[in-house]
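Encoded as structure tokens, the structure appears first; notes follow it.
The values are calculated or read from the model by the stated rules, or taken from the named source; none is laboratory data. Note that the structure is a prediction, hence the values are computed from the model and not measured. Backbone-built Cβ (ideal geometry, glycine too); neighbour counts: all protein chains shown. For accessibility, only protein heavy atoms count, side chains too; no ligands or nucleic acids. Shrake-Rupley method; radii C 1.70, N 1.55, O 1.52, S 1.80 Å.
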Amino acid sequence: MNIIDDASTLAQTVRQAVAATKATDIHTHLFPPSHGSLLLWGLDELLTYHYLVAELFGAAPSELTHEKFWALDKKQQAELIWRQLFLDHSPLSEARQGVLTVLTALGLDPARRDLNAWRAWFSRQKVEDYLDRVLELANIDYLIMTNNPLLEAEVQHWLNNRPCPKRLRTALRIDSLLLNFAGSRAQLSRQGFSSVDAELTAKTLETLRRWLAGWIDRLHPLYMAASLGPDWTYPNAGETTQLLDHVVCPLAAERNLPVALMLGVRKAVIPALGDAGDAEGRSDIASLMRLCAQHPQTKFLATVLDRADQHELAVAGRKLRNLHIFGCWWFCNTPSIIEEVTRMRLELLGTNFTLQHSDARVLDQLIYKWLHTRRIAADVLAEKYLDAHAAGWRFSAAEIHRDIRRLFGGAFEEFLAK
Ligand code: FIX
Ligand code: ZN
């Protein structure tokens, strides 16, 4: 075992390991190329990402109403965002810098400021090959999608057995069931489950377990997931508690599938903004801990949207062996918060957490979301390894690579296999 004796070699080895280690992207909104327009990619999709749509209305003159923006076609929307957020206001936000990182990584010089030249380049890419190229540039071994079994636009592709590359794995997204059971009954009926009463009777709960088990058998998901709002508490007298207790958690335990809970999203606070209209709030981590304790045979993954909840979540991750903490989600996926949260999690959890997920909605974003994360993680990790070195510990390169892989997906895979 070649032990590293000096601090500068140690820091260099850490940085090389962070750059070289394949990451598993455990939460994205990407789709197989065979699912057609569901898979977003290319310049105009990058520029009309909902993070940038939100920023647009903070920069554009008030004459630009939401209605006027949505009346534009995708190309016109992209050009407006380019003008407002890159030319008239400098690209200093994370989402804007992400576009620049992607262009540079693809060999398209952002300083040229030439949308049409870049569009021409993208038009020459074949999506199946481009997918592989993006995964290589982002240094990802595989990614996990978000697959909603109650969304007709998605369901049709799975029912028609459209091909899916092995590097795209599934996750069953069940927000609609947990939060809008009544509104889910029509789609359940269309899938042949018409005997679902409006009430969550024992018969209905059994039917819902059968329906969900059918989707597990069809999609072979790595986990089931739901995003819940700041108002979520557990337990309570509502349907979400009943569905967690009598459908989701028992089935998850039976199939050894984790339940991923993404806490703190305040949905559609500005409906006119579409996907950009969500905000965030504090979550009740005590409810998460009660759920984990109530279902000790079920494994839970969790991430939170509010920066202020991150410490309490990390402490919860120290207490519960069936809880695994992951990612710097959405409004926490910014360099300053990734740095703060990763440092805190290393200090509280060691390597027992998953450092990041991209949440990419546009394929090309994988490049910047992972490049930016690796840049920040390398600094924080080098600091922590140097602290241990200064305290007298000595590392081998193999141990460092082992640790980094754990943080980039290895700990997640160990948790799945538990
Ligand atoms: O609930 C989620 O999976 C969120 O990540 C999305 O709804 C959100 O729009 C997003 O893509 C954030 O990055
Ligand atoms: Zn997401």
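Numerical summary
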| read-out | value |
| --- | --- |
| Restricting segment 136-237 to trypsin sites (Lys or Arg not before Pro) in coil, as DSSP defines it, with at most 15 other Cβ within 10 Å | Lys166, Arg167 |
| Neighbour-limited loop hits for GluC sites (Glu not before Pro), segment 1-106 (at most 12 other Cβ within 10 Å; DSSP other than H, G, I, E, B) | Glu63 |
| Distance (nanometres) between label positions extended 7 Å along Cα→Cβ at Ala293 and Ala111 | 5.9 nm |
| Rounded Å value of the spacing that divides the Cα centres of segment 290-348 and segment 130-187 | 24 Å |
| Table column - 3J(HN,Hα) (Hz), segment 289-306, Karplus curve with 6.51, -1.76, 1.60, x for Gly and Pro | 5, 5, 5, 4, 6, 6, 10, x, 8, 9, 9, 10, 9, 8, 9, 10, 8, 9 |
| Estimated vicinal HN-Hα couplings, Hz - segment 208-214 in sequence order (Karplus 6.51, -1.76, 1.60; Gly, Pro = x) | 5, 5, 5, 4, 5, 4, x |
| In Å², nearest 10: area of Leu80 left accessible to a 1.4 Å probe | 40 Å² |
| Neighbour net charge for Ala268 - beta-carbon separation under 12 angstrom, K R +1, D E -1 | 0 |
| Under-5 Å amide H pairs with Leu323, H placed in peptide plane, nonlocal only | Phe300 |
| Cα-Cα over 20 Å, subset of Lys22/Lys166; Lys22/Lys369; Lys75/Lys166; Lys166/Lys299; Lys299/Lys418; Lys75/Lys267 | Lys75/Lys166; Lys166/Lys299; Lys75/Lys267 |
| Shape call, the chain: gyration tensor on alpha carbons, a/c limit 1.5 | oblate |
| Label-point gap, in nm, between Glu199 and Asp132 - each point 7 angstrom along Cα→Cβ | 5.7 nm |
| His89 accessible area, 1.4 Å probe, all protein chains in place, Å² to nearest 10 | 70 Å² |
| Surface accessible to a 1.4 Å probe, Ile270 within the full protein complex, Å² | 80 Å² |
| Long-range amide H partners of Ile140 with built H, under 5 Å | Ala23 |
| Phi-based couplings in Hz for segment 322-333 (Karplus 6.51, -1.76, 1.60; Gly and Pro marked x) | 9, 10, 10, 8, 9, x, 10, 7, 6, 6, 9, 8 |
| For segment 3-417: relative contact order, % (alpha-carbon pairs under 8 angstrom, 6 or more apart) | 24 percent |
| Linear extension gain, Arg394 paired with Asn160, 0.36 nm per residue minus alpha-carbon span | 78.8 nm |
| For a label point 7 Å along the Cα-to-beta-carbon line of His89, residues of segment 58-82 with backbone N under 14 Å | 58-65, 80-82 |
| Listed peptides 260-269, 149-158 by packing density, highest first (mean Cβ within 10 Å) | 260-269, 149-158 |
